[in-house]
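Accompanying notes for the structure given below.
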Amino acid sequence: MRSTPRIVALTTALAAATAPLLALASPANAAQPTKTTKTVQNLPLDWLTYQGLPGIDQLQRVKQLLQTGYVPSALSVTNAANPQYTSVWVKDATRKVNVLQDLSVTDLPKRVTEQLKGGFQPTMITATGSGPGAIFAAVFEKTTRKAQSKIGMTKDAFAAANAQLTAAGYSITSVDVYGTREKPLYAAVWAVGAIMGTVNVTMGQTVEQRGNELLARAKEGLRPVLMAIEPGNLYTTVWSKGSSTGLKEYLQLTRLTYTLKSTELQALGYRPTILDTQGSRFASVWSKN
C-alpha cells in the first residue's frame, strides 16, 4: 500500500480550481512513457474512449473532457500498484459531474460523505487490487436522485444488499469486482428510479457460461446493462429488459484487439455501452440502439 494516496476531484463547475491537484500525482508516474489509445467515432464527437491512461494523464484528460462538456459513461481502473484507467465519455454539457481517482479503501468513504454534502450523488465506482492496497475511482453527479454505494462486499453480501435495496425502490447502476479469485469483493451503486428498472444479476461465470447466459437471457427479452470482469477471468453481469438485436459483445479482448474492434464497430455505426478491464483483459458490449 502506498504511503501517500493520490486523490483527485474534478468538476465541470470547479474545473478551473483543480490545476494545483496536478502536484498530487507522483513523479514516478509522470516520468513513465505513456502508451494510450483513443477511439473516436466520426464527427460529431458525441462519444469517445480512452484506454490505459496512467494517473497523471487520466487527470489531465478528465479536466479537459469535463471542461468541454463530456461526462463519463464507463470508467474502469486496473493494476493497483500503478493504476491504469480506461473510460468512455459522452457529450452532455447539462450534467455536473465530479471524478475522483486513486482513492484508498479508507479514502473512498470520506470522499462519498464530502460529495453528498455538496449535493453530488455517487453514480459509478470502479476498483482494483485487494486488501489495504486496493485502489478506487468514482463518479459523482449533481442530482436530487438519491443513491447508495457499498464496497468490500462478499458475493453473498452483495446479493443481499441488491435484494434489500431493490425492495426499497433502488436499482443497481454500477458494479465492479476486485480482490482475488478466492475472495472476490463487490463495489456497487444503487439509485432511486434508475431507468434500467427490474434486473437480474449473475456472478462468477466463466467465459463459456457467460456466453450461454447471453443466449438464454436474450430469449427471455433481457440484455446486459452492466458487466464486470472478476479476478480469475470470471464475469458478473446485470441483466434488464431490452432487445439484444443490434448488440455485439466481446469478453476477452486485449488492448490491441479492443482498439481494432473499436475501429471496426464504429465504422458500422455501433457505440460502446459497457466497458470493463481487469489486468490486460477488456470486455465490452456495443450497440446500434
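The values are calculated or read from the model by the stated rules, or taken from the named source; none is laboratory data. None of the values given here were measured: they were computed from a predicted structure. So basically every Cβ, Gly included, is an ideal-geometry build from the backbone, and we count neighbours across all protein chains shown. Note: accessible area is taken over every heavy atom of the protein model, side chains too, but ligands, DNA and RNA are not part of it. Shrake-Rupley method; radii C 1.70, N 1.55, O 1.52, S 1.80 Å.
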Fill in the blank from the handout: Reported set for the stretch 217-261 where residues are charged (D, E, K, R) and either part of a loop (DSSP other than H, G, I, E, B) or in contact (Cβ under 8 Å) with a residue 40 or more places away in the chain (or both) is E220, E230, K241, R255
Handout entry: the stretch 63-89, residues that are more than 12 Å from T128 (Cα to Cα), surrounded by 20 or more Cβ atoms within 10 Å (Cβ to Cβ) and β-branched (V, I, T)
Key = V71, T86, V88
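How many residues does the stretch 267-284 contain that are surrounded by fewer than 15 Cβ atoms within 10 Å (Cβ to Cβ) and among the hydrophobic types (A, V, I, L, M, F, W, C)?
Number satisfying all stated conditions: 2.
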Exercise for the section: Kindly indicate the residue of the stretch 233-254 that is open to solvent by less than 40 Å² (accessible area, probe 1.4 Å) and among the small types (G, A, S) and also farthest from K183 (Cα to Cα) among those meeting that condition. Expected result: G246
Problem - Hey, S104 of a type in the set (S, T, Y) and open to solvent by 40 Å² or more (accessible area, probe 1.4 Å) or not - result: no
Completion exercise
Cβ pairs under 6 Å, 6+ apart or interchain, first in the stretch 154-172 and in contact (Cβ under 8 Å) with a residue 24 or more places away in the chain and of a type in the set (G, A, S), second surrounded by 16 or more Cβ atoms within 10 Å (Cβ to Cβ) and not in a strand (DSSP E or B), ordered by first then second residue, are S171/A194; S171/M196
Handout entry: Residue among L75, L22, L43 that alone is at pLDDT 90 or above and not polar (S, T, N, Q)
Key = L75
Exercise for the section: Quick one: which strands (runs of 3 or more DSSP E) lie wholly within the stretch 116-159 and hold at least 1 residues that are among the charged types (D, E, K, R)? Expected result: 135-142, 147-153
Practice task
Would you confirm whether any residue within the stretch 197-204 is open to solvent by 40 Å² or more (accessible area, probe 1.4 Å), at pLDDT below 95 and over 28 Å from S104 (Cα atoms)?
Solution key: yes
Practice task
Output the number of the condition that E264 fails; it satisfies all remaining conditions of (1) at pLDDT 95 or above; (2) open to solvent by 20 Å² or more (accessible area, probe 1.4 Å); (3) assigned to a helix (DSSP H, G or I).
Solution key: (1)
Problem - Members of the stretch 48-62 that are open to solvent by 10 Å² or more (accessible area, probe 1.4 Å) and polar (S, T, N, Q) - result: Q60
Exercise for the section: For residues that are surrounded by 13 or more Cβ atoms within 10 Å (Cβ to Cβ) and hydrophobic (A, V, I, L, M, F, W, C), scanning just the stretch 145-167, find the one that is nearest to the chain's Cα centre (by Cα). Expected result: I151
Practice task
Taking the residues in the stretch 113-144 that are β-branched (V, I, T) and open to solvent by 20 Å² or more (accessible area, probe 1.4 Å) as candidates, determine which candidate is farthest from G193 (Cα to Cα).
Solution key: T113
